[in-house]
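Working notes, beginning with the structure itself.
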Amino acid sequence: VAAVDDLLSTAARIGEQVAAPAADAVDREARFPQNAITALREARLLGALVPPSLGGRGASIVELGAICETLGRHCASTAMIFAMHQTQVACLVRHGQRSPCVRDYLADLARHEWLIASATSEAGVGGDLRQSVCVLEQTGKQLRVTKQAPVISYGEEADDILLTARRASDSPPGDQVLVLLRRADTQLTRTAAWDALGMRGTCSHGFLLTASASCDQVLPAPFADIAYQTMVPISHALWASTWAGIAAGAVNRARAFVRAEARRNASIVPPCALRLAETVADLESLRATVREGIAAFSRIQDDPEALGQLAFALRMNNLKVTAARMAPEVTGRALAVCGISGYRNDSPYAIGRHLRDAHSAALMIANDRLYAANASLLLVCKDE
Ligand SMILES: Cc1cc2nc3c(=O)[nH]c(=O)nc-3n(C[C@H](O)[C@H](O)[C@H](O)COP(=O)(O)OP(=O)(O)OC[C@H]3O[C@@H](n4cnc5c(N)ncnc54)[C@H](O)[C@@H]3O)c2cc1C
């Protein structure tokens, strides 16, 4: 318990003291939150998920979810970068340790606190995680790959990248592998700049990616298994935690606003306190949904058969779509509580950044894509 508290209280300190003061500038200038990521690195939080036997801290998904929420209260971009990075580390920890190359890499990651980006999206397949156009071209033990990546968050700042590709030139789009690309062997040519509504500090530019790798940088497990056992549930869990953090940050501003109103006239409860009470109740529902989703994953995380159940896939998709719907709703309610003080960008109660960041949730793997997947699952899933 002491170690858990330690990780979380360190993240809370970094959120408050480093991420929060820079959050408006990071958003305005669409710049990478360098100071916050450096502070997380110095606190050895980037390698937190790596097992202690490889020099990491053996953190759990419950702990990482709590950290994402805590960071998300202060700077959504910092929290989302942390969430995306930890999802990549989880794929390596849970599916790569049979490979000496990946084990050595994880030990180095824990030592140097490397940051890993993700290149799954691709021109031609949109947000369909389970299809790739690009292919690994093999010559002897060497591989080459070229991918038109519409979005790679912090691609230019990352130390390394995990990329999905078809296994070989005669593989169908769904026969994918996950390959660890070292930054020194990867060329990124910007094809689109990231000037977006929100999550501006994630620096999610589009790139033409070309890279070389050796065959042992391909994870031994098929990507199909990595996706349902790890990448999908953990990304949904940590993204949802981040979005809950954004909403909680907005609600904290609304609470501060209502307290200030109450101080101005101590004889009445300010009318906006009623809306605040409603908003806090909704925030608690969002947080409970996220906590319960993470607990559901944690209970079966080492049981591939249980992770492969259709009902579990349905549940993890529901976690994502529900959190992605509720986070902007709760944030919007916080705006309504603060009124014009929340709408202004120059006020201590400004909610604009939170609202813009929260609206990324529905399209980070489009909600409709997940509803469509669930529509098919519901046809065959037994009633609970
Ligand atoms: C902040 C942020 C950071 C990101 N970082 C990364 C990253 O680091 N690496 C990475 O690889 N990707 C990243 N992405 C990409 C992301 O995860 C999605 O892959 C991408 O946003 C989907 O793009 P799209 O909306 O064009 O595609 P699509 O998913 O193709 O959706 C296009 C449209 O079609 C609709 N649609 C799609 N499928 C269906 C269906 N079956 N039924 C009904 N409607 C459907 C959608 O609702 C949407 O309106 C990031 C996205 C965001 C917002």
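Some notes on this structure:
- Some residue of region 168-175 being farther than 17 Å from TYR105 by Cα, in a strand (DSSP E or B), touching a helix residue (DSSP H, G or I) at 6+ places or on another chain (Cβ under 9 Å) and more than 12 Å from the ligand (Cβ to nearest atom): no
- Extreme residue, surrounded by the fewest Cβ atoms within 10 Å (Cβ to Cβ), among residues of region 344-360 that are more than 13 Å from the ligand (Cβ to nearest atom) and among the hydrophobic types (A, V, I, L, M, F, W, C): ALA350
- One residue from ILE294, ILE365 being surrounded by 21 or more Cβ atoms within 10 Å (Cβ to Cβ), under 24 Å from the mean Cα position of the chain (by Cα), within 30 Å of GLY126 (Cα to Cα) and modelled with pLDDT under 95: ILE365
- Residue check for ALA324: within 21 Å of the chain's Cα centre (by Cα), within 13 Å of the ligand (Cβ to nearest atom) and more than 22 Å from GLU63 (Cα to Cα): no
- Residues (of a type in the set (Val, Ile, Thr), surrounded by fewer than 21 Cβ atoms within 10 Å (Cβ to Cβ) and within 30 Å of the chain's Cα centre (by Cα)) located in region 232-284: VAL280
- Put simply, of LEU115, LEU143 the only residue that is farther than 20 Å from SER204 by Cα, buried (at least 16 other Cβ atoms within 10 Å of the Cβ) and at pLDDT 95 or above is LEU143.
- Cβ separations smaller than 8 Å between residues 6+ apart or across chains give the following pairs from region 308-333 residues that are crowded, with 19+ Cβ neighbours inside 10 Å to residues that are outside any helix (DSSP H, G or I): LYS320/ILE365; ALA324/MET364; PRO328/HIS359; THR331/ILE351.
- Close pairs (6 angstrom Cβ cut-off, 6 or more residues apart or separate chains): modelled with pLDDT under 95 in region 162-179, part of a strand (DSSP E or B) anywhere: SER169/VAL135
- Within region 91-150, if we keep just the residues that are basic (Lys, Arg) and closer than 14 Å to ARG166 by Cα, the residue that is farthest from the ligand (Cβ to nearest atom) turns out to be ARG144.
- Tabulated pairs, region 361-380, first more than 7 Å from the ligand (Cβ to nearest atom), second at pLDDT 95 or above and hydroxyl-bearing (Ser, Thr, Tyr), C-beta under 9 angstrom, 6+ apart or interchain: ALA361/THR242
- Only one entry in ARG182, ARG253 is among the charged types (D, E, K, R), closer than 30 Å to GLU137 by Cα and away from the ligand (no atom under 16 Å from the Cβ), namely ARG182.
- When ASP195, ASP216, ASP160 are checked against the criterion of being within 15 Å of the ligand (Cβ to nearest atom), of a type in the set (D, E, K, R) and touching a helix residue (DSSP H, G or I) at 6+ places or on another chain (Cβ under 7 Å), ASP160 stands alone in meeting it.
- The residues of region 118-137 that are at pLDDT 95 or above and either part of a strand (DSSP E or B) or among the acidic types (Asp, Glu) (or both), listed by number, are SER118, ALA119, GLU122, VAL135, GLU137.
- Number of positions in region 238-256 that are within 13 Å of MET364 (Cβ to Cβ) and among the hydrophobic types (A, V, I, L, M, F, W, C): 5
This table checks each residue for (1) basic (Lys, Arg); (2) over 26 Å from GLU16 (Cβ atoms); (3) not in a helix (DSSP H, G or I).
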residue: ALA244; (1), (2), (3): no, no, no
residue: ALA248; (1), (2), (3): no, no, no
residue: LEU274; (1), (2), (3): no, yes, no
residue: ASP302; (1), (2), (3): no, yes, yes
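- Scanning region 336-360 for residues that are touching a residue at least 40 places away in the same chain (Cβ under 8 Å) and of a type in the set (Gly, Ala, Ser) gives ALA336, GLY339, SER341, GLY342, ALA350, ALA358, SER360.
- Unique residue being farther than 21 Å from PRO233 by Cβ, within 16 Å of the ligand (Cβ to nearest atom), modelled with pLDDT of 95 or more and assigned to a helix (DSSP H, G or I) when the list is THR10, THR38, THR78: THR78
The values are calculated or read from the model by the stated rules, or taken from the named source; none is laboratory data. Keep in mind the model is a prediction, meaning the values are calculated, not measured. FYI the Cβ positions are ideal-geometry reconstructions off the backbone, even for glycines, and counts take in every protein chain you see.
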